1. For Asp41, work out the one condition from (1) open to solvent by less than 70 Å² (accessible area, probe 1.4 Å); (2) acidic (Asp, Glu); (3) touching a Ser or Thr at 6+ places or on another chain (Cβ under 8 Å) it doesn't fulfil.
2. Among the residues of the stretch 1-22, write down those that are within 45 Å of the chain's Cα centre (by Cα) and either open to solvent by 80 Å² or more (accessible area, probe 1.4 Å) or of a type in the set (D, E, K, R) (or both).
3. Keeping to the stretch 142-160, report how many residues are surrounded by 19 or more Cβ atoms within 10 Å (Cβ to Cβ) and within 15 Å of the chain's Cα centre (by Cα).
4. When you check Ser134 against the structure, is it of a type in the set (S, T, N, Q) and either within 18 Å of Val188 (Cβ to Cβ) or in contact with a His (Cβ under 8 Å, 6 or more places away or on another chain) (or both), yes or no?
5. When you scan the stretch 275-285, do you find a residue that is modelled with pLDDT of 50 or more, more than 13 Å from the chain's Cα centre (by Cα), buried (at least 18 other Cβ atoms within 10 Å of the Cβ) and more than 30 Å from His135 (Cβ to Cβ), even just one?
Amino acid sequence: NLITWPLLNTPKNLTELELHQNNLEYIFPKDLEVQNLRVLDVSNNLINFLPSTIFIQLEKLDLGYNLINTVPLLNSIAPFLRDLVLDGTQIEQIEFKEQTILGSISLSHLPMLKKIEAHAFANLAGSQLSRDESHTCIELKISHNDFLTNIDQDAFGELRMCYLDLSYNNLTTIPENVTDWTKIDVGVDLQGNPLSCSCDDQWMLESILNTLYYNDALQVLLIELRCQSPEELQGRRLVSFLNHKDPFCRSGSSDAEKSSKIIQQSNFGGFFLDSDSATSSPPSEKHFKFHLAPFSTGFIIIVALSIIILVLIVVVGVKWQRDQHRKLTRRNRLYYSDYDY
């Protein structure tokens, strides 16, 4: 039931402080300088603003499940902040109003968040080093936001990410150009979204699926990565489409059963390759069957050529037979004319 900061002075050697699950309306008194505090957890309180207290060495700040409704200004009060948690707050619009450098930020379980606008992260930069140490990046977690249905393709701008978690939101589609997916080192978590699996989502199979599938440590991010629509693909795991050519762009067929399969046309016009892929089977375990398509263009061409060849054989055979009969008649006439009966 703590409602105010209990100490007149903060101990200088204090490095970690947890005040979560109280009724605090503010963190510390105003105009206070905290020397060595590195970790501060004030989650699950009633805080709706930050004081002008300066945290000289603060590296991690957890403001989750408070009454804060905007992304706070942090550079002036915590210049060395590395990790920020804003889960469960009342933030309706993500906007960094000043240049901010972080190693990680979590914006999950936000009940008011419905859309991430263009340039929402324009003033945010990362402080972590990428694996090849060629640039800095940030771990960004935006998950379990039940009403988040849209991300603008310009939302992240030039923000470089080490890891991106967009899992368990209400996203039916994710813009291909929202970031450079090839430069995300650690992984991308898109599980739990009701993906539409339309032609606009085809890019995910090439840009994300291969990276996750062929890295054993990242395959856990494929478990609940599924299609929600169209109806014939509902519940199908995206991993079942691995190495197939444009499966999402084949929807709209009048034959629902045919739409639900992955079909690859071979060079033999009368045949097609049909993969009855199990939802959890990797590409190497797929079983293929050949079927005859009797009314395909290739089949008609083959039948027409066969008929033409057969007619030519008959014509040539008749002509050869007549020539042979004529030669035999002439030889018999010459032979019998030498005898007088």
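The values are calculated or read from the model by the stated rules, or taken from the named source; none is laboratory data. This one's a predicted model, so the numbers in the text were calculated from it and none came from an experiment. Methodologically, a virtual Cβ is constructed for each residue, glycine included, from the backbone with ideal geometry; neighbour enumeration extends over all protein chains shown. Accessible surface is based on the protein model in full, side chains and every heavy atom, while ligands, DNA and RNA are left aside. Shrake-Rupley method; radii C 1.70, N 1.55, O 1.52, S 1.80 Å.
1. (3)
2. Asn1, Ile3, Glu16, Glu18, Gln21
3. Qualifying residue count for the region: 3.
4. No: the conditions fail for Ser134.
5. Scanning the stretch 275-285, I find no residue that is modelled with pLDDT of 50 or more, more than 13 Å from the chain's Cα centre (by Cα), buried (at least 18 other Cβ atoms within 10 Å of the Cβ) and more than 30 Å from His135 (Cβ to Cβ), so the answer is no.
Here is a yes/no grid of residues against (1) of a type outside the set (A, V, I, L, M, F, W, C); (2) at pLDDT 90 or above; (3) surrounded by 14 or more Cβ atoms within 10 Å (Cβ to Cβ):
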| residue | (1), (2), (3) |
| --- | --- |
| Ile174 | no, yes, yes |
| Leu190 | no, yes, yes |
| Asp200 | yes, no, yes |
| Asn210 | yes, no, no |
| Ala217 | no, yes, no |
| Ile223 | no, yes, no |
| Glu231 | yes, yes, no |
| Val239 | no, yes, yes |
| Phe248 | no, no, yes |
